[in-house]
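Note sheet for the following structure.
The values are calculated or read from the model by the stated rules, or taken from the named source; none is laboratory data. In this text, all values refer to a predicted model and were calculated from it rather than measured experimentally. Neighbour counts run over all protein chains shown; Cβ positions are idealised from the backbone, glycine included. Ligands, DNA and RNA are excluded from the accessible area calculation, which covers all protein heavy atoms including side chains. Shrake-Rupley method; radii C 1.70, N 1.55, O 1.52, S 1.80 Å.
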Amino acid sequence: MLSVLCPDGPPWGMTLPAPAFDNSFARLPEIFFTRQAPVPVDEPAALRVNRPLAAQLGIDPDWLAGPEGTAMVAGNTVPEGAEPLAAVYAGHQFGGYNPQLGDGRAILLGEVLDAQGRRFDIQLKGAGPTPYSRGGDGRSALGPVLREYVVSEAMHSLGVPTTRALAAVSTGEAVARERFLPGAVLARVASSHFRVGTVQYFAARQDDEVLRQLVDHVVQRHFPAARDSDNPVLAMLEGVIARQAALIAQWQLLGFIHGVMNTDNMLLCGETIDYGPCAFMDQFNAGQVYSSIDHGGRYAYRNQPGIAHWNLSVLAQALLPLLHAEQDEAVALAQQALDTFPEQFLDAHGAGLARKLGLAALQEDDTALVEDLFALMEQSALDFTLTFRQLADLADESGDAARISADFPVSGALDDWLARWRARLQREDSTPAQRQARMYAANPAFIPRNHQVEAVIQAAYDTGDLAPFHTLVELLATPFEYRPQERRFAAPPRPEEVVRQTFCGT
Ligand code: AMP
Ligand code: MG
């Protein structure tokens, strides 16, 4: 593409103040969404601005933090070029099909391109009711906004594909929940918000033309290479499967429990979305569940890969009419694609476990070593994050990085296992220093621990003090570097601090 210096525009490469919207979804027929302006709020006030992300998106961070940016995030002004809309989708929630969901408390302002030409949605979460609010108020309380800000940005710093937090504002209005709570809006950034449930909604209408328009748009946006394949729809399905296999492996390797893996909360672009009842586990427990509404443990830690596979089968089912003109052929193609999921997940998970343990790759006879570690962690109620970080310390006794194990001693329950692990490391080609460097990069010292996220929210609710929130966000920007002066953030919860249940953001 040619770029010319525009006499009226800013010099090339300069950051524009407001977002330079370049909307593509809003060009699709209106069957995909409802145009809907955000509802202004009483008293918008900036809570936090994500300066690096703003800069990446070509938005002046000072503008975003100032009155005009705050008014945009609050929904009080719609900037030029924005085309606010609420998208429609469906979804399986806890296994039951809901034929119509949609952006009930989120409004898409539009899309922007970063310097590399990557396209991102800017969405306002908590910006007022839409036709899809189903009786809800379309608003968000401060707590869930802070929670999503902290956890989504931590996930990004941990290297996990995720939606991100561009800015948060308070509204000066109360929202009615179990009690009245201060309201807030989060400006969320995602590569796109197309969900498995979006495809479900249009498949259910049995209008192949509309479904094809949607799929063409998603292919164009997220799987451009698929356009050259013999069967672009199949290539897209394979692409989504590959991204989800990699994503869920990353969750498992960090002890992250999403909590509400409904098909409307699974993005086709492969980013983590919906930070409602999510939690990083403290003590390792394969059956761990935090969400207050997950009574059957459907979305327990150990079930996440299987649920992802199930959700992908729902996607494949919805795509059948476009996969092949003959239904039997379409089913066979979908099944073949789906059948690759377990192995793709296991490969990614195994490679990640190898990195966590300082091994170049897992060998066949490493299975017992790995399983025994998890069994010991479970039996002795060891902290997931601390244990792996401690192993990294032990990988090179002469390393000079700050050691978490100096502040949190390694459990004696691991003694015998450690001897086996050390013997196994003797078979590696790497040096202890190389292993340790790789392990430090795979085993974070800091994660958004539930009790700390809760403490941040409590401080904001009780006294309006946002300092703990800012501190936690900043600390989690560098999760792989242990800093002894920050040891309290690496500490597992004391018994009285343990968070046993989390709640949806509604
Ligand atoms: P979630 O549990 O966040 O995945 O949301 C499920 C559905 O409920 C989505 O369609 C949301 O838009 C909708 N929803 C959740 N909270 C609210 C709210 N406060 N007002 C309106 N709609 C909501
Ligand atoms: Mg959702």
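Summary of values
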{"read-out": "Longest to shortest principal axis, alpha-carbon extents of the chain, angstrom", "value": "64, 61, 52"}
{"read-out": "Exposed GluC sites (Glu not before Pro) absent - longest run of the chain, DSSP non-H/G/I/E/B, at most 16 other C-beta within 10 Å", "value": "179-325"}
{"read-out": "Stretch in the chain that is longest and holds no trypsin sites (Lys or Arg not before Pro) that DSSP places in a loop and that have at most 10 other beta carbons within 10 Å", "value": "180-426"}
{"read-out": "Mean accessible surface per residue for segment 359-506, computed with a 1.4 Å probe while every protein chain stays in place, in Å²", "value": "49"}
{"read-out": "Binned Cα-Cα distances of segment 359-506, short to long, each 10 Å bin given as a whole percent", "value": "10, 35, 32, 17, 6, 1"}
{"read-out": "Cα gyration tensor, segment 25-193 - rounded (a/c under 1.5), prolate or oblate", "value": "rounded"}
{"read-out": "Cα-centre dipole for segment 419-462 with unit charges at Cβ (Lys and Arg positive, Asp and Glu negative), debye to 20", "value": "460"}
{"read-out": "Share, in percent, of DSSP beta bridges within the chain that are antiparallel, nearest 5", "value": "95"}
{"read-out": "Unit charges at the beta carbon, dipole of segment 64-216: most positive-side option, T77, G128, L113", "value": "G128"}
{"read-out": "Chymotrypsin sites (Phe, Trp or Tyr not before Pro) lying in DSSP loop within segment 245-354, provided at most 14 other Cβ fall within 10 Å", "value": "none"}
{"read-out": "Farthest toward positive dipole pole in segment 359-506 [+1 Lys/Arg, -1 Asp/Glu at C-beta], among P448, L382, A413", "value": "P448"}
{"read-out": "The chain, relative contact order [Cα under 8 Å, separation at least 6], %", "value": "14"}
{"read-out": "Residue-averaged [θ]222 nm for the chain, counting only DSSP H segments that reach four residues, each worth -39500 (n - 2.57)", "value": "-12500 deg cm²/dmol"}
{"read-out": "Counting all C-alpha pairs of segment 412-492, share separated by more than 21 Å (%)", "value": "49"}
{"read-out": "Carbon and sulfur %, accessible surface of segment 340-490 computed with the full protein complex present, 1.4 Å", "value": "52"}
{"read-out": "Segment 183-248: C-alpha gyration tensor shape, a/c 1.5 cut-off, then a/b vs b/c", "value": "oblate"}
{"read-out": "Inter-part distance where segment 267-284 and segment 389-451 are each reduced to a Cα centre, Å", "value": "25"}
{"read-out": "Student exercise, segment 25-193 dipole from Lys, Arg, Asp, Glu Cβ charges, in Debye to nearest 20", "value": "480"}
{"read-out": "Dipole of segment 25-193 [Lys/Arg +1, Asp/Glu -1 at C-beta], most positive-end residue of G91, Q36, P61", "value": "G91"}
{"read-out": "Alpha carbon centroid spacing (whole Å) that separates segment 225-243 from segment 83-124", "value": "22"}
{"read-out": "Cα principal axis extents for segment 197-349, largest first, Å", "value": "49, 31, 28"}
{"read-out": "Accessible area per residue in Å² at 1.4 Å probe, computed on segment 153-250", "value": "35"}
{"read-out": "Using a Förster distance of 51 Å, the FRET efficiency for D62-V498 (Cβ separation, nearest 0.05)", "value": "0.80"}
{"read-out": "Segment 125-252 shape via C-alpha gyration tensor axes, a/c threshold 1.5", "value": "oblate"}
{"read-out": "Built amide H within the under 5 Å cut-off of I59, gap 5+", "value": "none"}
{"read-out": "Lys, Arg +1 and Asp, Glu -1 on Cβ, resulting dipole of the chain about Cα centre, debye, nearest 20", "value": "600"}
{"read-out": "Carbon plus sulfur fraction of accessible area for segment 72-164, probe 1.4 Å, in percent", "value": "51"}
